[in-house]
C-alpha cells in the first residue's frame, strides 16, 4: 500500500461471500479457494465488540494450507502472520511465489507487504501501543465498517508513517500518525455502500 492509495479501500470494499454466494453471519468466510490440488476451507469469527485481541486477529476455524488454524497461537508472531495470510486466500499463490498482483485500480500490490501491514496493525492492537489505534478501531466499528475494512483503513496511516520514516531517514512521527488516525474514515465509501459490493 503506497501513501498514494491512502483513503481508498482495496478492491473498493469487496465483501466476502461463501461458496453459496450468501454473506455469512457471525463469521468472515474465506472458504473454498483452490490452489493447485489443495482446498482452503477456513473462516474467521467476527471480532467481539470491545475486545482488542479479537480485532487484532479474529479467531479462525478450519484449515489453511493443510494446517488447522484453531491450533495456531496469535501470540506467536509467525503463527499470527500465517493467520493473517489465511484471511487473504486470493493472495495465497502470489504469497508462495513472491509475486506481485495488480489491484482493482491497476496499482501493483505486494502481497507480503500487504500482510506485513496487517501484522503491524495487529501488533499495535495486541500491545495497545499506540492506544489511539484501538480507539480508532472502535470508532470505525461503531460507524459500521467490518474487520477487513477497518484494518485497511488503519493501514493507510501505517503505510504513510513507514514511508515517511524511511524517506526522511528520521524517527517515527507519532503525532502525525495519531493525526492521520483521527482523520479516518477520510474519503472511504460508507460501510452500507461497501456491504452491497
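The values are calculated or read from the model by the stated rules, or taken from the named source; none is laboratory data. The structure presented is a predicted model; accordingly, all values stated were derived computationally and were not measured. In this analysis, Cβ positions are derived from the backbone assuming ideal geometry, glycine residues included, and neighbour counts consider all displayed protein chains.
Details
- Residue list for the range 97-119, filter: in contact (Cβ under 8 Å) with a residue 24 or more places away in the chain and either under 18 Å from residue 54 (Cβ atoms) or in contact with a strand residue (DSSP E or B) (Cβ under 8 Å, 6 or more places away or on another chain) (or both): 103, 109, 118, 119
- Some residue of the range 124-146 being without any contact (Cβ under 8 Å) to a residue 12 or more places away in the chain, under 24 Å from residue 64 (Cα atoms) and in contact with a strand residue (DSSP E or B) (Cβ under 9 Å, 6 or more places away or on another chain): no
- Residues that are free of Cβ contacts under 8 Å to residues at least 40 places away in the same chain and in contact with a helix residue (DSSP H, G or I) (Cβ under 7 Å, 6 or more places away or on another chain), drawn from the range 53-62: 60, 61, 62
- Per the conditions (1) under 20 Å from residue 53 (Cβ atoms); (2) not in a helix (DSSP H, G or I), the sole criterion not satisfied by residue 185 is (1).
- Failed condition for residue 19, given (1) at pLDDT below 85; (2) surrounded by 14 or more Cβ atoms within 10 Å (Cβ to Cβ); (3) part of a loop (DSSP other than H, G, I, E, B): (2)
- Filter result for residue 86 (in contact (Cβ under 8 Å) with a residue 12 or more places away in the chain and closer than 20 Å to residue 185 by Cβ): no
- Scanning the range 47-61 for residues that are touching a strand residue (DSSP E or B) at 6+ places or on another chain (Cβ under 6 Å) and surrounded by fewer than 17 Cβ atoms within 10 Å (Cβ to Cβ) yields a count of 1.
So that you can scan it fast, the table gives a plain yes or no per residue for (1) in a loop (DSSP other than H, G, I, E, B); (2) closer than 17 Å to residue 45 by Cα:
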| site | (1), (2) |
| --- | --- |
| 70 | no, yes |
| 74 | yes, yes |
| 85 | no, yes |
| 94 | no, no |
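- Residue that is farthest from the chain's Cα centre (by Cα), among those in the range 104-156 that are under 19 Å from residue 193 (Cα atoms) and not in a helix (DSSP H, G or I): 105
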